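Quick notes on the structure that follows.
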Amino acid sequence: MEDVIAVSGPSTLNGTVRVPGAKNSVLKLMAATLLAEGESTITNVPNIQDVWIMAELLRRLGCAVDYDVEAASVRIDVPPMPGHQADYDLVRAMRASISVLGPLVARCRRAEVALPGGDAIGSRGLDMHRAGLELMGAEISIDHGYLIASVPEGLSGARHILDFPSVGATENLMMAATLAEGRTVLDNAAREPEITDIAEMLIEMGADISGVGTNTLVINGVPSLRPVTHRVVPDRIVAGTWAFAAAVTGGTITIQDADASALTVVLDKLVQAGCAVTVDTDGFTVKGPERPEPINVSTLPYPGFPTDLQPFVVALNAVSSGSGMVTENVFEARWGFTSELARLGAVVRLDGHHALVQGVPRLSGAPVVANDIRAGAALVIAGLAAEGTTEVRGVDHIDRGYERFMENLRGLGARAVRRRA
């Protein structure tokens, strides 16, 4: 038995949604609290499955964690010396668990972290994490499925040029460097807004970090950090999801508590698709066309088009008035969901990391299966643009990244139910 989401289309979404704190930030902020003994509080926390998983991981490391869903906050009381082993059963469920590696190495001088699992969207190796920590003096090995890092004498600052602006490696190395002896320079670092959010929290904790928001981070190690209270930035991927929902279904959605400046490229593409976009101080509104124009998109690290919104571009092009080319430059296996979208009648031709999507006048409902967070939400939205009923399985993925997904859908006028099947 598993849950499925069944949607009936065609359906036009109209109304208002509120964007919670960013999934891709809050999990790393929770890991960052390990760097300081005492109680830190994180606010604007989304009620998603991954937060519960990270909370349990921190508890197993010896922290007291109080997650108040109603207040959208989590209090984490870190002991003088946390545990140093992150177990497989939790790490396999959520790749972001690897973000405890840097803080544990810095605080405990030893970490044993299970090799991660997560979404089936391609290889996301730990080579850059490992190389950076080794430059800082860590001895690292892999034994029985665990990455084991030890630094008996403590970490030392180093200069590291990342092969690719990896978000996860940038986060781990930046957090580790805050307590290292001396100066660490991270070149070709990721610049995502979530990186900035983590850096700002670390600075509030007493870290010495410059270059925030650029591709060169300079971290001067300090002897210790202090606990703080910090508010999570809005989730730009959730905001982008509802923006595409308006575009695909031809509706009008106002997206509140969103930062339009973090989605400049995305909103520009939606305008190219025929949408009207209005930005205000609290978010933005997207009015979709009767039928979208196709758009060409290449995913790139920030400030380029985010890979997490790529499935929604494919869904939009699938109902567009022409053909659009989508190029995936970040996760090579992200195309898995296109075979499910084809079950709805989408015409997608794959060639390596390119997908040519030919729009059709109308999709038709069918049973489909989601294999990752964003694919799940994109299949639901595509189902709303299809004739008949679409049943989406694998919706536990959606729970990992979207707060109140069903409530928001129904609040926007979708005919949608979630049931056991």
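The values are calculated or read from the model by the stated rules, or taken from the named source; none is laboratory data. The structure presented is a predicted model; accordingly, all values stated were derived computationally and were not measured. Virtual Cβ from ideal backbone geometry, glycine too; neighbours counted across all protein chains shown.
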Exercise. Counting only residues that are within 23 Å of the chain's Cα centre (by Cα) and farther than 15 Å from Arg374 by Cα, which one in segment 318-328 is surrounded by the most Cβ atoms within 10 Å (Cβ to Cβ)?
Worked result: Val326
Seminar exercise, completed: Counting only residues that are farther than 19 Å from Arg291 by Cβ and touching a Gly at 6+ places or on another chain (Cβ under 9 Å), segment 356-378 contains a total of 11
Exercise. Can Gly352 be described as in the same structural domain as Ala245 (by TED's automatic domain parsing) and touching a residue at least 40 places away in the same chain (Cβ under 8 Å)?
Worked result: no
Problem set entry | In segment 151-187, the residues that are surrounded by fewer than 20 Cβ atoms within 10 Å (Cβ to Cβ) and in a loop (DSSP other than H, G, I, E, B) | Pro152, Glu153, Gly154, Gly157, Ala158, Leu162, Asp163, Phe164, Gly182
Exercise. When only residues in segment 329-353 that are of a type in the set (Asp, Glu) and modelled with pLDDT under 95 count, which is surrounded by the fewest Cβ atoms within 10 Å (Cβ to Cβ)?
Worked result: Asp351
Exercise. So which of Leu173, Leu186 ends up being over 27 Å from Tyr88 (Cα atoms) and either modelled with pLDDT under 95 or within 26 Å of the chain's Cα centre (by Cα) (or both)?
Worked result: Leu186
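Each row is one residue, and each column tells you yes or no for (1) of a type in the set (Ser, Thr, Tyr); (2) assigned by TED's automatic domain parsing to the domain that holds Arg400; (3) surrounded by fewer than 23 Cβ atoms within 10 Å (Cβ to Cβ).
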site: Thr33; (1), (2), (3): yes, no, no
site: Ala36; (1), (2), (3): no, no, no
site: Ile42; (1), (2), (3): no, no, no
site: Tyr67; (1), (2), (3): yes, no, yes
Problem set entry | Matching residues, segment 389-421, being free of Cβ contacts under 8 Å to residues at least 40 places away in the same chain and of a type in the set (Lys, Arg) | Arg410
For this session: Look through Gly157, Gly137 and report the one residue that is touching a residue at least 60 places away in the same chain (Cβ under 8 Å), assigned by TED's automatic domain parsing to the domain that holds Gln85 and more than 24 Å from Leu27 (Cα to Cα).
Result: Gly157
Exercise. Of the residues that make up segment 3-19, is at least one outside any loop (DSSP other than H, G, I, E, B), under 23 Å from Leu202 (Cβ atoms) and under 22 Å from the mean Cα position of the chain (by Cα)?
Worked result: no
Problem set entry | Hits in segment 274-293 - residues which are part of a loop (DSSP other than H, G, I, E, B) and surrounded by fewer than 23 Cβ atoms within 10 Å (Cβ to Cβ) | Gly274, Thr281, Asp282, Pro289, Glu290, Arg291, Glu293
For this session: Name the residue, out of Gly411, Gly345, Gly365, that is over 23 Å from the mean Cα position of the chain (by Cα), within 16 Å of Asn317 (Cβ to Cβ) and assigned by TED's automatic domain parsing to the domain that holds Ile295.
Result: Gly345
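The rows are residues; the columns are (1) in contact with an Asp or Glu (Cβ under 7 Å, 6 or more places away or on another chain); (2) buried (at least 19 other Cβ atoms within 10 Å of the Cβ); (3) not assigned by TED's automatic domain parsing to the domain that holds Gly206.
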{"site": "Val51", "(1), (2), (3)": "no, yes, no"}
{"site": "Gln85", "(1), (2), (3)": "yes, no, no"}
{"site": "Leu104", "(1), (2), (3)": "no, yes, no"}
{"site": "Arg110", "(1), (2), (3)": "no, no, no"}
Exercise. Would it be correct to say that Ala421 is under 21 Å from Ala273 (Cα atoms) and either among the aliphatic types (A, V, I, L, M) or outside the structural domain of Phe244 (by TED's automatic domain parsing) (or both)?
Worked result: no
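Condition check ((1) in the same structural domain as Glu332 (by TED's automatic domain parsing); (2) not hydrophobic (A, V, I, L, M, F, W, C)) across all residues:
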site: Glu204; (1), (2): no, yes
site: Ala239; (1), (2): yes, no
site: Ala258; (1), (2): yes, no
site: Val271; (1), (2): yes, no
site: Cys275; (1), (2): yes, no
site: Thr278; (1), (2): yes, yes
Seminar exercise, completed: Here the qualifying pairs (Cβ atoms under 6 Å; residues six or more apart or on different chains; first in segment 36-54 and polar (S, T, N, Q); second crowded, with 23+ Cβ neighbours inside 10 Å) come out as Ser40/Thr33; Ser40/Ile76; Asn44/Gly21; Asn44/Val232
